Amino acid sequence: MSIADRLKQSLFRFGVDHEQPIVLTRRRIFIMPTASGLLFAAVLFVMLLGAINYDLALGHALVFLLAGIGLVAMIHTFRNLFALRITPGRAEPVFAGELARFTVHLENTHRQARCALEFAFGKNEAVSISVAAAGQASVDVPCLAPRRGRLDPGRITLSTPYPLGFFRAWSTPHPPFSCLVYPQPIAAPLPPPGAAAHDGQRDGEQGEEDFTGLRLRRPSDSPRHIAWKAVARDIDHRPLLVKEFAGGAAPELWLDWSSTPADSGIETRLSLLAGWVLAAEQSGAPYGLRLPGLALEPDHGDAQRDACLEALALYDEH
């Protein structure tokens, strides 16, 4: 282990903060002078030399007054983070290459406002927020999602230069953040619908526009077609019945892994399937997803879209 790694482990000895809310105690807060603070100290040193050289009593008084202001500013910088309560929120799924936004809820139990709080994940863009006295606030912190799967952004850096910018206090809590990252979709024409629908008839022979009656359920029928009200009247003795419809409803569409180009890489094939999922959902037709070892029955709606995209995001994840 290198010296830098040992120093990092010694300073940031806290692991993932599973206990909520996270309270910033003295052991969690670090403080260092900024470039402006170092320049301010250098100017004070030069002023002190001048006061000593010319034996200026007022010069000494001014130097010590300004030094006292600097020390008070350091205390206020530290107190701007001390005892702040942090609770992680939920991150909405995104596509690979987009910015994931992790919600952080802040609670200020003190009578002083917390100003100029800056949040950032690593080298990602920082966002700033202030919290009123005895108040609460929320902030969305961006983090680039470079690849599909589950994104753990790691430690979040919370810092502040308040009030004068002479010092910067910071803390690096590690809330249990997680964000689902879908494959980056590739726009492509949808594959042709399959030859058979759930009821075993050819596409176009049956639809879902006009109700025609009930029939016994077959193993291939979708549970969403079961006539639950009719079955509930005599659930112990009545077999499962399925609604039949006639009309020109759109045929069900299967988005199959085997329909993607076999010579493409895994990520390209997943991206192509993600594009098909979005296009199928936009068309309004029922669609299902087949992956090696997984099959999602045809359906449509936000829940079906999210389930398909989640399966693509977590495909072959160990």
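The values are calculated or read from the model by the stated rules, or taken from the named source; none is laboratory data. Keep in mind that what you see is a predicted model, and the values were worked out from it rather than measured. Note: ideal-geometry Cβ built from the backbone for every residue, glycine included; neighbour counts use all protein chains shown.
Contact annotation: residue pairs with Cβ atoms under 7 Å, 6 or more positions apart or on different chains, pairing a residue in the range 103-117 that is touching a residue at least 12 places away in the same chain (Cβ under 8 Å) with a partner that is outside any strand (DSSP E or B) and among the hydroxyl-bearing types (Ser, Thr, Tyr), are Cys115/Tyr162; Ala116/Tyr162.
Among the residues of the range 92-107, those that are touching a Phe, Trp or Tyr at 6+ places or on another chain (Cβ under 8 Å) and either at pLDDT below 95 or assigned to a strand (DSSP E or B) (or both) comprise Val94, Phe95, Phe102, Val104. For the range 115-147, residues that are assigned to a strand (DSSP E or B) and either at positive phi or not assigned by TED's automatic domain parsing to the domain that holds Pro163 (or both) total 1.
Taken residue by residue, the range 53-74 has no member that is farther than 30 Å from Ser178 by Cβ, surrounded by 14 or more Cβ atoms within 10 Å (Cβ to Cβ), touching a Pro at 6+ places or on another chain (Cβ under 8 Å) and of a type in the set (Val, Ile, Thr).
Just checking, does the range 93-114 include any residue being farther than 23 Å from Ile31 by Cβ, more than 23 Å from the chain's Cα centre (by Cα) and surrounded by fewer than 15 Cβ atoms within 10 Å (Cβ to Cβ)? No, every residue in the range 93-114 fails to be farther than 23 Å from Ile31 by Cβ, more than 23 Å from the chain's Cα centre (by Cα) and surrounded by fewer than 15 Cβ atoms within 10 Å (Cβ to Cβ). What number goes with the only condition from (1) surrounded by fewer than 17 Cβ atoms within 10 Å (Cβ to Cβ); (2) in contact (Cβ under 8 Å) with a residue 60 or more places away in the chain that Gly154 does not pass? Failed condition: (2).
Mind checking whether some residue in the range 73-83 is assigned to a loop (DSSP other than H, G, I, E, B) and of a type in the set (D, E, K, R)?
Scanning the range 73-83, I find no residue that is assigned to a loop (DSSP other than H, G, I, E, B) and of a type in the set (D, E, K, R), so the answer is no.
Phe82 meets the conditions (1) surrounded by 14 or more Cβ atoms within 10 Å (Cβ to Cβ); (2) within 34 Å of the chain's Cα centre (by Cα); (3) farther than 29 Å from Met32 by Cα; (4) not basic (Lys, Arg) in every case but one. The failed one is (3).
Is at least one residue of the range 175-183 surrounded by fewer than 20 Cβ atoms within 10 Å (Cβ to Cβ) and at pLDDT 95 or above?
Step one: of the range 175-183, the residues surrounded by fewer than 20 Cβ atoms within 10 Å (Cβ to Cβ) are 176, 178-180.
Then drop every residue that is not at pLDDT 95 or above, which leaves 179-180.
Yes: one or more hits.
With respect to Ala42, determine if the residue is in the same structural domain as His105 (by TED's automatic domain parsing) and without any contact (Cβ under 8 Å) to a residue 60 or more places away in the chain.
When the stated conditions are applied, Ala42 passes them.
Taking the conditions (1) in contact with a strand residue (DSSP E or B) (Cβ under 9 Å, 6 or more places away or on another chain); (2) under 26 Å from Pro163 (Cβ atoms) in turn, Pro93 satisfies each one other than (2). A Cβ distance below 9 Å, combined with a sequence gap of six or more or placement on separate chains, defines the contacts here; from the range 266-280, residues that are surrounded by fewer than 24 Cβ atoms within 10 Å (Cβ to Cβ) reach residues that are of a type in the set (Asp, Glu) in the pairs Ile266/Asp316.
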